[in-house]
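A quick write-up on the structure given underneath.
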Amino acid sequence: IKKALERGQFCLYQQKIVSASAAGECAYAEILLRMVDGEGQLVLPATFIPAAERYDLMGEIDQWVVKTFFSKLASANISHSQPSLYMINLSGASVGDEQFLSFLKTQLACHAVDPQRICFEITETAAIANLNRAIDFICELNQLGFSFALDDFGSGMSSFAYLKTLPVDYIKIDGKFMTDLNTDPTALAIVEAINDIVHVMKLKTIAEFVETEPVQSSLREIGVDFMQGYGIHGPAPLIL
């Protein structure tokens, strides 16, 4: 991982996020990371992220992603075909690092990037781990003009208890509920409950890991705002 950072052996991919109510219109895109090994083969995050977390390398990886994407977006020609919002994952390590905010401000000053086109994501478990710091971090991002999404929502036991304390804009419903959405009444009820409560709070919902048309149909009936998954669009190299 260290050599990949030094040699530029990481690359960015994107996955479309579509509107559930606008005939599949591509509204947003999530920025994804891939590593290239010594033989030129792509290495998926599930393989290298656990090691990066264990050896405290996630902060460096997050900075590489932000710097690289900001540079690409700043030099791209804006067109109507581009997503209006790009979502970038941040690790718990970056949320807890005050220097990351300084880095982010520097990158914002160096590149002509509209912060309103950037939404940062943090997982529910990372937010719970240091809730007060997460709240402060999100508030500072909001002041800079960025929006924020809570990823994998529903994976924790106290989701609804702390949700109203986090000043986020989007809730990404944990993909584990999508697998059995049409066969398990409990999974369906949980997704409906999350969607209803999130909408009461005037936030937007994004369903993750959507892989089949029947699941898409159910999500439309529930009233989820956006959908993401292989059934809609598989990750592809980032082209701006």
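The values are calculated or read from the model by the stated rules, or taken from the named source; none is laboratory data. Predicted model only: the values in this text are computed from it and were never measured. Cβ: placed from backbone, ideal geometry, glycine included. Neighbour counts: every protein chain shown. The accessibility values were calculated without ligands, DNA or RNA, using every heavy atom of the protein model including side chains. Shrake-Rupley method; radii C 1.70, N 1.55, O 1.52, S 1.80 Å.
A few notes on this one:
- Computed from label points 7 Å out along Cα-Cβ, the spacing between Val200 and Thr186 is 2.3 nm.
- DSSP beta bridges in the chain [antiparallel fraction, %, rounded to 5]: 40 percent
- Dipole magnitude for segment 1-156: about 440 debye, using +1 per Lys or Arg Cβ and -1 per Asp or Glu Cβ, origin at the Cα centre.
- Glu121 accessible area, 1.4 Å probe, all protein chains in place, Å² to nearest 10: 0 Å²
- Packing, as the average of other Cβ atoms within 10 Å across residues, places the peptides 37-43, 219-225 in the order 219-225, 37-43, highest first.
- Percentage of interatomic Cα-Cα distances in segment 101-240 larger than 20 Å: 51 percent
- Exposure of Cys110 as accessible area (Å², to 10), given a probe of 1.4 Å and all protein chains: 90 Å²
- Per-residue 3J(HN,Hα) values for segment 100-106, derived from phi via the Karplus relation 6.51 cos²θ - 1.76 cosθ + 1.60 with θ = phi - 60°, read 5, 5, 5, 4, 5, 5, 5 Hz in sequence order (x marks Gly and Pro).
- Inter-part distance where segment 60-119 and segment 165-240 are each reduced to a Cα centre, Å: 24 Å
- Ranked by the mean number of other Cβ atoms within 10 Å of their residues, highest first, the peptides 64-75, 1-12 fall in the order 64-75, 1-12.
- His199 - accessible surface, heavy atoms, 1.4 Å probe, Å² rounded to 10: 70 Å²
- List Leu144, Leu166, ordered by accessible area with a 1.4 Å probe, largest first: Leu144, Leu166
- Surface composition of segment 93-164: carbon and sulfur make up 51 percent of the accessible area, probe 1.4 Å.
- FRET efficiency, Glu98 to Arg220 (Cβ-Cβ, R0 45 Å, nearest 0.05): 0.60
- A simple rule links phi to the HN-Hα coupling: the Karplus curve 6.51 cos²θ - 1.76 cosθ + 1.60 with θ = phi - 60°, which for segment 225-240 gives 7, 9, 9, 8, x, 5, x, 10, 6, x, x, 9, x, 6, 10, 10 Hz, with x for Gly and Pro.
- Diffusion constant of the chain at 10 °C, which comes from Stokes-Einstein with the Kirkwood Cα-pair radius and 1.306 mPa s, µm²/s: 86 µm²/s
- Radius 15 Å from Cβ of Phe160, net charge of other residues (Lys, Arg +1; Asp, Glu -1): -4
- According to the Kirkwood relation over distinct C-alpha pairs, the hydrodynamic radius of segment 8-151 is 16.1 Å.
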